[in-house]
Ligand SMILES: NC(=O)c1ccc[n+]([C@@H]2O[C@H](COP(=O)([O-])OP(=O)(O)OC[C@H]3O[C@@H](n4cnc5c(N)ncnc54)[C@H](OP(=O)(O)O)[C@@H]3O)[C@@H](O)[C@H]2O)c1
């Protein structure tokens, strides 16, 4: 990140741990700054996240009240998320879990292909990530519908859907949003893809559905990260676990957003991709 910022911008850059003069720091780029760091920087004019989600930054107890906050929106990032989600959607469409289980038992059994006309995906969150996923699914001829704050009740949107993709920011309003009622609305044999933040899918309610063999899940984010080694999700036959790797920001993309936002703030304009503190994302 430091290299990318130095390569593309005119500003000196210090890494945490290096010796710096606090009065010189006007922009802090951080995922989860250590407590006390922000209050120790008297001349901050921009706070910038290292990725799309800034929940850890917003939750910092010493978050200054009047400093604008920017986040990363970049093609590199949304493409990674598209690839992550498509991998699981296509695996489910093509009965990947079933055939992987059969391969382990050397069983040659052909199942009818899923009916693509009845295969509907609902994407929770229609922002930078969700919007890109919706476009990619549409381009593959897969029926996909977005859900956001302007949409109706979630259970109505999910009714009979074969896949729910959670790409929401972590806010009080999105906590536990995919609970028993929403999960029950999904079709039998549906897939839940969690790639927003931990806490949005009610893990206990999901586990009941996985245990019953009614749903399967591709989980990238969890209530507790790292997922503890003894957690049932690691070994569950209907769960696929990845360690929060769906979309990692490329340093060049972060540098682009940071440098453009610094230039804008210097002109008394908002950052390139401003965070709305009241909304929480
Ligand atoms: N797993 C990973 O590796 C990874 C990588 C990147 C991002 N993420 C996560 O993905 C999240 C989304 O990123 P993004 O860039 O797409 O965010 P974004 O552009 O801010 O979009 C957020 C979307 O969520 C919707 N939303 C927010 N609160 C809602 C609520 N209470 N009910 C219904 N919809 C709600 C918004 O609805 P409106 O349109 O109505 O505002 C918007 O469509 C990030 O915050 C981050 O947590 C995870």
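Remarks
- On full extension, the segment bounded by residue 67 and residue 8 gains 18.9 nm, given 0.36 nm per residue less the C-alpha separation.
- Area projected by the alpha carbon convex hull of the stretch 75-241, averaged over all directions, nm²: 10.1
- For the chain, the longest principal axis of the Cα atoms and the long axis of helix 75-93 meet at an angle of about 10 degrees.
- Between 173, 59, 117, the residue with the greatest mean-square fluctuation in the GNM of the chain (Cα pairs under 10 Å linked by springs) is 117.
- Gyration tensor (alpha-carbon) shape descriptor, the stretch 132-171, a/c threshold 1.5: oblate
- Here the extension length gained between residue 59 and residue 140 equals 25.3 nm, from 0.36 nm per residue of separation less the Cα-Cα distance.
- Prolate/oblate/rounded label for the stretch 1-81 (Cα gyration tensor, a/c 1.5): oblate
- The chain, helix-only ellipticity at 222 nm - DSSP H runs n ≥ 4, -39,500 (n - 2.57), divided by all residues, nearest 500: -9000 deg cm²/dmol
- Cα-based shape type of the stretch 61-152, given that a ≥ b ≥ c are square roots of the gyration tensor eigenvalues and the cut on a/c is 1.5: prolate
- Potential lengthening between residue 111 and residue 241 on full extension [0.36 nm per residue; Cα-Cα distance subtracted]: 44.3 nm
- With Cα atoms, 0 to 90° folded angle of helix 251-266 axis to the chain main axis: 50
- Length-normalised contact order for the chain - Cα pairs under 8 Å, 6+ apart - percent: 20
- Using the Stokes-Einstein relation with a Kirkwood hydrodynamic radius computed over Cα pairs, the translational diffusion coefficient of the chain at 10 °C and a viscosity of 1.306 mPa s comes to 78 µm²/s.
- Between the alpha-carbon centres of the stretch 251-281 and the stretch 170-192 there is a gap of 32 Å.
- In the chain, the longest principal axis of the Cα atoms and the axis of helix 128-139 are about 40 degrees apart.
- GNM result for the chain, Cα springs below 10 Å: residue of 249, 61, 113 fluctuating most strongly: 113
- Of all the options 213, 49, 152, the one that moves most in a Gaussian network model of the chain with Cα springs shorter than 10 angstrom is 152.
A short reminder: the numbers here are calculations on the coordinates, not readings from a lab. Being a predicted model, the structure only gives us computed values, none of them experimental.
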